[in-house]
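Structure record follows, encoded as structure tokens.
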There are 2 protein chains.
Amino acid sequence: MAVIDRKKLILEAAAKSFSLYGYKATTMDQVAKLANVGKGTIYTFFKTKEELFEEIINSLIAEIRYEVESVMNESASVLENVNRVLSRVHVFRESHQLTIKLIQEERDMGTQTVIEAMQRVEQSIIQYMKGIIQKAIDKGEIKTCNPEVTAFVMLKMYFSLVNDWQRNHPPLKKEEIAKLFELYLLKGLLT
Amino acid sequence: MAVIDRKKLILEAAAKSFSLYGYKATTMDQVAKLANVGKGTIYTFFKTKEELFEEIINSLIAEIRYEVESVMNESASVLENVNRVLSRVHVFRESHQLTIKLIQEERDMGTQTVIEAMQRVEQSIIQYMKGIIQKAIDKGEIKTCNPEVTAFVMLKMYFSLVNDWQRNHPPLKKEEIAKLFELYLLKGLLT
DNA sequence: AAATGACCAATTTAGTATTTTAGTCAGTCG
DNA sequence: CGACTGACTAAAATACTAAATTGGTCATTT
């Protein structure tokens, strides 16, 4: 199309700025300048800065979902799939500019808007895993259980192992984490 | 004894003040006044404010260990004991003035000294649970596994379930948590 | 010798001036 | 006409500074 898609320009500029400077340090003037657009134009598409940010987070969630779907394999076992999904999420979080910046802002400044956004991202991952687990239950691959609690526990355990454990210990390799998941969650500790 | 035990007075005053106002808002003048002692006297027993605080945390750790030991039962199963210990730790954290205040200060102000102290408390709980798990392994009650990672995973899972889960869901009852522990960690999900 | 509190340097806080920013809207331009 | 703009404003954040507080010391007292 001949006319410029201003909304798209704004979203691209905002994504770039949030990735580079985080939520707080990104100004609407900056986004307008980056998008080559008058500031008022932003407000014809987005009611507030927060709404603009939420749209960016929606894209982020979609991107993660796409990434995760690309490694899923219907015919593989639950364990295999859960490990692939979590590992992919983890790699994504550590390589994607926007998530890196937001995790940092959440930790260092505790910006409320950012905290809420990251929780929304986490929730969406849990919802996605919930689906995987429900399928495994239906197939009879694993025991009947609350799929949401199970997804929640898996995500928390994964992030504990990759983030918190290395605060006091050498980091665990990907295969080690997979082994731990298998032992704790699937086989169980009982002899 | 006829002479007043000034060190004890200081420790009691400090414990009271830290419980009431937290670490940052407690001043050495205040502790001195509360203990009916000259400020200089504090410095004959403790090099710095931080050292005084660390002694208080040591008492806290000892107190938790005592609480935990009182509910342990050598002849009960690992599951039973782990659940008792974690539940006791949780109840303690929610009822003990000092821990309440410090958890709050950690969350709201992010005081570095407090963050480090709470991590030390957590570490000591993990070390204690490590012992329980090692015994269960020796008895052949559970599979061979790294007892420290196992203790770590158990504590993290417990705190996730009692603290994070209720951010978006109705809180889980103590028996529900026990059931989840049994399912996820002991029996495993595999059919 | 043990204990004290006035004292000091350094940090924190409170108060205020200045700047920045989210959001608006009268006016421009295609 | 209507999409678009950027100067404008009220509110919020920041920078600055003076005043107060605090951790720690040490000469003096008990």
- Hey, rough spin-label estimate for B:LYS8 and A:GLU50, points 7 angstrom out along Cα→Cβ, what's it come to in nanometres? 5.5
- Query: What percentage of all Cα-Cα pairs in the protein assembly as shown are separated by more than 26 Å?
  - Reply: 62
- Query: So, in Å, what gap is there between the alpha-carbon centers of region A:1-67 and region B:52-95?
  - Reply: 50
- Query: What is the magnitude of the charge dipole of the protein assembly as shown about its Cα centre, with +1 placed on the Cβ of each Lys and Arg, -1 on the Cβ of each Asp and Glu, and no other charges, expressed in debye to the nearest 20?
  - Reply: 280
- Query: In whole angstrom, how far apart do the alpha carbon centroids of region A:105-164 and region B:116-191 sit?
  - Reply: 18
- Item | Calculated P(r) of region B:74-187 - Cα pairs past 18 Å, % | 54
- Note on the structure: If R0 = 30 Å, then A:GLU176 and B:GLU80, at their Cβ-Cβ distance, give a FRET efficiency to the nearest 0.05 of 0.55
- Note on the structure: Simple SL model, points at 7 angstrom along Cα→Cβ for B:TYR21 and A:THR41; separation in nm is 5.6
- Size of the dipole of region A:50-187 about the Cα centre, Lys and Arg at +1 and Asp and Glu at -1 on the beta carbon, nothing else charged, in debye to 20? 680
- Task: Considering the rotation that carries chain A onto chain B, locate the chain A residue whose Cβ comes closest to its axis and report the distance in whole Å.
- Result: A:GLY188, 1
- Message: As I understand it, the dipole of the protein assembly as shown uses +1 on the Cβ of Lys and Arg and -1 on the Cβ of Asp and Glu, about the Cα centre. Which of A:TYR23, A:ILE133, B:ILE61 lies farthest toward its positive end?
- Response: A:TYR23
- Query: Taking the Cα-to-Cβ direction at B:SER59 and at B:ASP164 and moving 7 Å from each Cα, how far apart do the two end points lie in nm?
  - Reply: 3.4
- Set Lys and Arg Cβ to +1 and Asp and Glu Cβ to -1, take the dipole of region B:74-187 about its Cα centre, and tell me which of B:TYR184, B:PRO170, B:ALA151 lies farthest positive. B:TYR184
- Task: For B:ASN73, go 7 angstrom from Cα along the Cα-to-Cβ vector, then report the distances to that same point in the other copies in nm, smallest first.
- Result: 4.7
- Item | Alpha carbon Rg of region A:1-46, scaled by the compact-globule rule 2.2 N^0.38 Å | 1.09
- Query: How big, on average over all directions, is the shadow cast by the Cα convex hull of chain B, in nm²?
  - Reply: 13.9
- Cα-centred dipole magnitude for region A:1-115, charges only on beta-carbon of K, R (+1) and D, E (-1), debye, nearest 20: 420
- Task: Mind checking which of A:VAL71, B:ILE115, B:ALA76 is farthest towards the positive end of the protein assembly as shown's charge dipole, using Cβ charges of +1 (Lys, Arg) and -1 (Asp, Glu) about the Cα centre?
- Result: B:ILE115
- Message: Defining a contact as two alpha carbons under 8 Å apart and six or more residues distant in sequence, what relative contact order in percent does chain A show?
- Response: 19
- Query: Can you pull the accessible area of A:GLU55 for me, 1.4 Å probe, Å² to the nearest 10?
  - Reply: 70
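The values are calculated or read from the model by the stated rules, or taken from the named source; none is laboratory data. Source: prediction; values computed, not measured. Cβ coordinates were reconstructed from backbone atoms using ideal geometry, including for glycine residues, and neighbour counts include every protein chain displayed. The accessibility values were calculated without ligands, DNA or RNA, using every heavy atom of the protein model including side chains. Shrake-Rupley method; radii C 1.70, N 1.55, O 1.52, S 1.80 Å.
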